[in-house]
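Just so you know, all these numbers are worked out from the coordinates, no wet-lab data involved. Predicted, not measured: the structure shown is a model, and the values here were computed from it. Please note: Cβ atoms are built from the backbone with ideal geometry, for glycine as well, and neighbour counts cover all protein chains shown.
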Amino acid sequence: MLKQVLHKLFSTTLALLVLFSTVSFTVKKHYCGDVLVDSAVFTEVQKCNMAASEISQSKMTKKSCCKDELEVVKGQDHLNQSKFEDLSFDQLLFVASFVYSYINIFESLPKRIIPHKDYSPPNLTEDILLLDQVFLI
């Protein structure tokens, strides 16, 4: 039971590790001067009140104090998949010797012949031990 639970937990952990290492996302940040106003991952960032007045300032020669930054976190593009044919001779020799040395460790049990395997006991109509008043003490 414990072995199955640990196996499922380990498999799920490895699957999530592969998933999160290949996912990429973008973090959007909005600064007003040097102050971070908002940051968002899946939605648009909220602009400060200065962003509305930027349109009127664009007609003027003043420089805007607001700026937006995009930070891209890239995941892996490809995963390495090893094949059995890619192993070197030393690695193949190790695998062959490992299998050869450990295949004969386990001995099978001798087959037992059970003569009464197909015998079914008779149906009990009365409890004989109770009738004879024989109890284990």
For a test of the definition: using alpha carbon positions, the gyration tensor, and the 1.5 limit on a/c, classify the chain as rounded, prolate or oblate.
oblate
Quick one: which residues, 5+ away or cross-chain, put their amide H under 5 Å from the amide H of Val37? H built at 1.01 Å from N.
His30, Tyr31, Cys32
For the pairs Lys8/Lys74; Lys28/Lys67; Lys47/Lys67, note any where the Cα-Cα span goes beyond 18 Å.
Lys8/Lys74
If you take the beta carbon distance between Lys29 and Ser64 as r and set R0 to 22 Å, what does 1/(1 + (r/R0)^6) give as a FRET efficiency, to the nearest 0.05?
0.90
Alpha carbon centroid spacing (whole Å) that separates region 10-37 from region 68-137:
40
Exposed-site-free run, longest, the chain (rule: GluC sites (Glu not before Pro); DSSP loop; at most 11 other C-beta within 10 Å)
45-106
Note down the relative contact order for the chain as a percent, whole number, built from C-alpha pairs under 8 angstrom at least six residues apart.
21
